[in-house]
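Written out below as structure tokens is the structure these notes cover.
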Amino acid sequence: MARGPSDTIIALASGSGRAGVAVIRISGGGSAALLKGMTRLPTSGTGEAGGGVSRETSSTFPRPRHAVIRTLHDDQGGFLDEALVLWMPAPHSYTGEDVAELHVHGGPAVVEAVIGAALKTRLCRIAEPGEFTRRAFDAGRMDLTQAEAIGDLIDAETEGQRRQAGRLYQGEAARVFEGWRGLLVSAMAALEASIDFPDEADIPGEINLTALEPIEALAVDLEAALGDAGRLASVRDGFRIAILGPPNAGKSSLMNRLARREAAIVSPIPGTTRDVVEVRLVLAGYPVWVADTAGLREAADAIEAEGIRRALTRAEEADLRIWVSDASDVSRETSSTFREGDLRVLNKADLLNGDSPPLAGSEDVFVVSARTGAGLDPLERRLAQIVRDRLETDEAPLVTRARHRELVEEALAAIERGLEGARIGIGAELVSEDLRLAARALGRITGSIDAEDLLDRIFSQFCVGK
Amino acid sequence: MITNTFDVIVIGGGHAGAEAAAAAARFGARTALVTHKLSTIGEMSCNPAIGGLGKGHLVREVDALDGVMGRAADRGGIQFRMLNRSKGPAVRGPRTQADRQLYREAVQDILREYPNLTLIEDGVEDLIVEHDRVAGVIGQSGRSWRAGAVVVTTGTFLKGLIHIGEKRIPAGRVGEAPAIGLSDRLYGLGLTMGRLKTGTPARLRSSSIDWSGIEMQPADADPIPFSFLNDRITVPQIACGITWTSAEVHAVIGDNIHKSAVYSGAIAGRGPRYCPSIEDKVKRFADRDKHQVFLEPEGLPGSEYGDTVYPNGISTSLPEDVQEAFIRKIAGLERVEIQRFGYAIEYDYVDPRELTPDLAVKKLPGLYLAGQINGTTGYEEAAGQGLVAGLNAARFAAGNDPYILDRSRAYIGVMIDDLVTRGVSEPYRMFTSRAEYRLTLRADNADQRLTEEGVSAGVVGSKRREAFHVKRSSIDAARERLQSLTLTPNEARAQGIHVNQDGKRRNGLELMGYDAVDFAKLRAVWPELSDVTPQVAEQMEIEAQYAGYLDRQEADIVAFRRDEDMRMPADLDYRAIGGLSNEAKDKLSTVRPATLGQAARIEGMTPGAITAVLGYLKRAAKKSARG
């Protein structure tokens, strides 16, 4: 069938693969007909359980939002599966349309057979990725930030991501954005009142700098939220650790130990790792990217030189750096770029024959053997603690998406221009223009902006009218 | 075959009707203005003033499109004041009080100048409707006239009902009968209608006021005309008084508030929040112990209305005895004689979402509405709509496309877009804060924004066109000269202008962006600029002062127009668009937006709904392209 936004769509809503239960979701105007066909009910008439007949039988259409057991059949009347069926008529459903959910047994063959039979009726088509959420958003069932959060929730692999997306979905972020916009509208109301009602005894005639005080505070909040954005991006996209050090210090071996698999080629030949190799792991419930880099030394050839350049770039971008050196030969250490907060790993402890290497015992210096795994536990514990300390907070995450970030930056720039203007004494209409642009930018995050807001505010605050 | 007597008939002789008739006539339509009383054409039923903030912008725009109001105000204005004179040019609002007689006469004189405009005295009782379009009007006298298009501008006359205390009098204005038949016709068309209310204060005898202790507010020393065609005001200027209510006054009102028509529940219609009755002010702002009252003479001394004062700020629907009691407690009014008592008036209005942006009724081709019937308040709002409705009625009768002003071009466009997109919940009044492109849409540049457009729309006469072309060339010439004259930072410093010593040459416009530099300063540097007129010099100063902001706003306007250029088919079936909530479908079907931009401005419309509509339009366009 031709693709259109009004088609009835079907898709497996739960994860693919073997599972106890698989949930198939159907949404759109044809859901009822499809459900009737598959449960062998007459397709004409309402078929719904009448108000007086409260008993649920297999020959009635499911009552809205009541779980019932139904046998699903293909178009030939063949048995597909026995399923738990939920009927959620419009508009009170996820998408705002008629929605049916079929909870079937979770084998891939069952799912394939049920969806295949549904498609064969030509009453529906397979949903495109994200189409259910898109319809929910289009139907006004959620605002933009919530729709985006659904995507994040579904994608959430770690506990940290889940909590962050959950907060966004519950509209906490939207409330904060709206709160910020509310402050701007209030300040504008004071400016606009002095512009539109200059003859009113109730209204101060000149720019009221005290009306802008909350905006000064707002600018600080926006800056903080943008600064915070780095942390939140880490929650979304992963905390980045770079492993650095001289050639053949065992960086790749260490990474493989952390990743518990052979992600990087390990060899005793110095300079084996010429590019940045990354593995992804979960520490303290957060996604972490660990990058193994080329050993830092005077490069032997152009390719290695490029590898070293990339290693240094990665070191710059990383949230945490681990410097690895050979415990038996710390003299080769390139400590010139060592920074406060970096970790130091003295590798090849197994070759020390019991000698204590220099620096051992200091905080954030770990003596390990990547080869035997000795000393790795304290290192992993310390890494998890650092990740947790840096990423975890009880505050609501705000600016997590590039789209939000751009708009908050736009708002902040306009606010700063307006505040600076007010300080040097430009006209109220120009300060107000900047605040309007800021409010509009913030309004765009959640999708609302309204000039009526402003007049409402003015009329409730001031007695105007000659 | 029946031939039409007229191309356009305008019903009503208020500020909307006068502009509508004049605009249709300027377009070249055979036009008739039918009103129950020719002598009240151009009457100021309420406050004797024209202009103000936002409103002054509207008057300048009406004038830029060669309308009546600005010219009439220049002939009738007796207290010109530029409001917000100390603030930026975008928010300055020209205003004048007017001598009611002079103003009314000026309007009538101007209307008589149009040879193709006939003034007819008759109350209109009904419309002639044939083949699902309007074909003329029927008068109370039994006469009827046929026309290609009809503009209804009946103000508060549609089922008008005056309230004074418990008294209710059917009337359009004091002593003038309401229009009942026409209202029934509009209901009969199935239009969504409602009730609104407004109010007016008592009128006072000036000679019975004790002016001795009253603070006076004079007119500006250099009155600036409304009309771009006038360079000076010759009418004598007067001052008005400012007095205050007191706790004692509020006590009288508070004790009797149950007798007010508004508070007894007798009035169903909603009144404007920005023009509250004195009862409202006392009740809603109980913490204020005084409110301002402007004492505005309604005419020059010795003239017809010279002894009448309009007390601005105390509109009321309290019974006569209470009005007299509280007014006489106001400082200076202790022995005042009341000429006419204040009242509230309720009237029918048509939900303006029944209209397209050319002010045509969607359900009856050929019918146009303007003014208070569309839920607005104010002479200026009425005039702006009247001009657009009259012009479009004439264009319709002649088979031309509608002429539409959008939000980025004019306050008139902002107003009409607000009306037809969002409807009204209280009488709609213009404010500068309604215009998102306020820095661009200024009173001072209305002619530069609109006159040329008006020429192509067919609503601007030759005299104004020529005057405008002269002004525009001198502005262009001045701008070019300022751009070519430059100073280095060192040269600037030598002239006392301090700029960054960055070695960059700055031209005249850039130099005027500095606070301390105005056109006079440049004239001192370059004496050859001395032939630039003050009006042109002012335009250059404003352009320089707003430079960065205007650029940003221009970028905004470009984005705005992208959505405005996305036309929505008039017969679009919103039910067929998938992914739209029923609520969104209902709203879109009610408003039937002309453009995607308008659709997005409908109250409660979500970005998601707009995306769905956009997607549908794009698919439809692709389909029709494949054909």
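Hey, can you tell me all the residues within the range B:388-438 that are in contact with a Pro (Cβ under 9 Å, 6 or more places away or on another chain), acidic (Asp, Glu) and in contact (Cβ under 8 Å) with a residue 24 or more places away in the chain? Hits for the range B:388-438 are B:Asp406, B:Asp417, B:Glu426.
Looking across the range A:404-461, just one residue is among the basic types (Lys, Arg) and at pLDDT below 65, and that is A:Arg457. In the condition set (1) modelled with pLDDT of 85 or more; (2) aromatic (Phe, Trp, Tyr); (3) within 26 Å of A:Asp7 (Cβ to Cβ), A:Trp180 is compliant with all but (3).
Scanning the range B:605-618 for residues that are facing chain A (nearest Cβ under 8 Å) and modelled with pLDDT under 75 gives B:Thr606, B:Pro607, B:Gly608, B:Ala609, B:Thr611, B:Ala612, B:Gly615. Looking at B:Val293, B:Val336, B:Val361, B:Val309, just one residue is touching a strand residue (DSSP E or B) at 6+ places or on another chain (Cβ under 8 Å), farther than 25 Å from B:Ile214 by Cβ and crowded, with 20+ Cβ neighbours inside 10 Å, and that residue is B:Val361.
Consider the range B:236-261. How many of its residues are crowded, with 20+ Cβ neighbours inside 10 Å, in a loop (DSSP other than H, G, I, E, B) and within 14 Å of chain A (Cβ to nearest Cβ)? Counting residues in the range B:236-261 that are crowded, with 20+ Cβ neighbours inside 10 Å, in a loop (DSSP other than H, G, I, E, B) and within 14 Å of chain A (Cβ to nearest Cβ) gives 1. Got a sec? Which of B:Glu466, B:Glu426 is assigned to a loop (DSSP other than H, G, I, E, B) and surrounded by fewer than 22 Cβ atoms within 10 Å (Cβ to Cβ)? It is B:Glu426.
Taking the criterion of being in contact with a Lys or Arg (Cβ under 8 Å, 6 or more places away or on another chain), within 8 Å of another protein chain (Cβ to nearest Cβ) and part of a helix (DSSP H, G or I), the residues of the range A:424-444 that qualify are A:Ala428, A:Glu429, A:Glu433, A:Leu437. Scanning the range B:124-138 for residues that are under 29 Å from the mean Cα position of the chain (by Cα) and either surrounded by fewer than 16 Cβ atoms within 10 Å (Cβ to Cβ) or not aliphatic (A, V, I, L, M) (or both) turns up B:Glu125, B:Asp126, B:Arg133, B:Gly136.
Scanning the range B:200-235 for residues that are touching a residue at least 40 places away in the same chain (Cβ under 8 Å), farther than 30 Å from B:Phe326 by Cα and either among the hydroxyl-bearing types (Ser, Thr, Tyr) or in contact with a Leu (Cβ under 6 Å, 6 or more places away or on another chain) (or both) gives a single hit, B:Ser227.
Conditions tested, residue by residue: (1) modelled with pLDDT under 90; (2) of a type in the set (Gly, Ala, Ser); (3) surrounded by fewer than 20 Cβ atoms within 10 Å (Cβ to Cβ); (4) part of a loop (DSSP other than H, G, I, E, B).
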{"residue": "B:Gly142", "(1), (2), (3), (4)": "no, yes, yes, yes"}
{"residue": "B:Ala147", "(1), (2), (3), (4)": "no, yes, no, no"}
{"residue": "B:Val150", "(1), (2), (3), (4)": "no, no, no, no"}
{"residue": "B:Ile162", "(1), (2), (3), (4)": "no, no, no, no"}
{"residue": "B:Arg168", "(1), (2), (3), (4)": "no, no, yes, no"}
{"residue": "B:Leu186", "(1), (2), (3), (4)": "no, no, no, no"}
{"residue": "B:Ser212", "(1), (2), (3), (4)": "no, yes, yes, no"}
{"residue": "B:Pro223", "(1), (2), (3), (4)": "no, no, no, yes"}
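The set of residues in the range B:494-513 that are closer than 14 Å to B:Ala524 by Cα and of a type outside the set (Val, Ile, Thr) comprises B:Ala494, B:Gln495, B:Gly496, B:Gly508, B:Leu511, B:Met512.
Only one residue in A:Val114, A:Val110 is hydrophobic (A, V, I, L, M, F, W, C), buried (at least 20 other Cβ atoms within 10 Å of the Cβ) and either modelled with pLDDT under 65 or touching a Leu at 6+ places or on another chain (Cβ under 8 Å) (or both), so which one is that? Result of the check over A:Val114, A:Val110: A:Val114. Please work out if B:Ser317 is of a type outside the set (A, V, I, L, M, F, W, C) and either at pLDDT 95 or above or in contact with a helix residue (DSSP H, G or I) (Cβ under 8 Å, 6 or more places away or on another chain) (or both). Considered against the rule, which asks whether it is of a type outside the set (A, V, I, L, M, F, W, C) and either at pLDDT 95 or above or in contact with a helix residue (DSSP H, G or I) (Cβ under 8 Å, 6 or more places away or on another chain) (or both), B:Ser317 comes out as yes. On the stretch given as the range A:67-98, residues that are surrounded by 15 or more Cβ atoms within 10 Å (Cβ to Cβ), in contact (Cβ under 8 Å) with a residue 24 or more places away in the chain and within 14 Å of chain B (Cβ to nearest Cβ) total 8. Here B:Asp289, B:Asp231, B:Asp321 are screened, and the one residue that is more than 14 Å from chain A (Cβ to nearest Cβ), in a loop (DSSP other than H, G, I, E, B) and of a type in the set (Asp, Glu) is B:Asp231.
Could you tell me which of the residues B:Glu121, B:Glu105, B:Glu176 is touching a Leu at 6+ places or on another chain (Cβ under 6 Å) and either modelled with pLDDT of 95 or more or under 30 Å from B:Val59 (Cα atoms) (or both)? Please lay out each step first, then the result.
Values: B:Glu105 fails: touching a Leu at 6+ places or on another chain (Cβ under 6 Å); B:Glu176 fails: touching a Leu at 6+ places or on another chain (Cβ under 6 Å).
Matching residue, one of B:Glu121, B:Glu105, B:Glu176: B:Glu121.
Suppose the filter is at pLDDT 95 or above, surrounded by fewer than 23 Cβ atoms within 10 Å (Cβ to Cβ) and not in a strand (DSSP E or B); does B:Lys329 pass it? Yes. Within the range B:428-445, being of a type in the set (A, V, I, L, M), closer than 24 Å to B:Arg353 by Cβ and more than 10 Å from every other protein chain (Cβ to nearest Cβ) holds for one residue alone: B:Leu441.
Inspect all residues belonging to the range B:509-521 and state whether any of them is of a type in the set (Gly, Ala, Ser), modelled with pLDDT of 95 or more and within 25 Å of A:Ile426 (Cα to Cα). Show your work before the answer.
If we filter the range B:509-521 for residues that are of a type in the set (Gly, Ala, Ser), which is where we start, we get B:513, B:516, B:520.
Narrowing further to those that are modelled with pLDDT of 95 or more: none.
The answer is no; no qualifying residue exists.
Residues that are basic (Lys, Arg) and assigned to a helix (DSSP H, G or I) were ranked within the range B:91-113; the one that is nearest to the other protein chains (Cβ to nearest Cβ) is B:Arg100. Screening A:Phe132, A:Phe137 for residues that are surrounded by 15 or more Cβ atoms within 10 Å (Cβ to Cβ), at pLDDT below 75 and within 14 Å of another protein chain (Cβ to nearest Cβ) leaves exactly one candidate, A:Phe137.
Which one of the conditions (1) at pLDDT below 90; (2) closer than 28 Å to B:Thr432 by Cβ; (3) of a type in the set (Val, Ile, Thr) does B:Ile233 fail to meet, given that it meets all the rest? All conditions pass for B:Ile233, except number (1).
Restricting the range A:55-75 to residues that are modelled with pLDDT under 85 and of a type outside the set (Asp, Glu), which is farthest from A:Arg40 (Cα to Cα)? Top of the filtered list is A:Arg55. In the range B:549-573, the residue that is nearest to B:Ala609 (Cα to Cα) out of those that are within 12 Å of chain A (Cβ to nearest Cβ) and in contact (Cβ under 8 Å) with a residue 12 or more places away in the chain is B:Phe560. Note on the range B:583-602: among residues that are of a type outside the set (D, E, K, R) and within 11 Å of chain A (Cβ to nearest Cβ), the one that is farthest from A:Ala90 (Cα to Cα) is B:Ala600.
The values are calculated or read from the model by the stated rules, or taken from the named source; none is laboratory data. Fair warning: this is a prediction, and the values are worked out from it, not measured in the lab. So basically every Cβ, Gly included, is an ideal-geometry build from the backbone, and we count neighbours across all protein chains shown.
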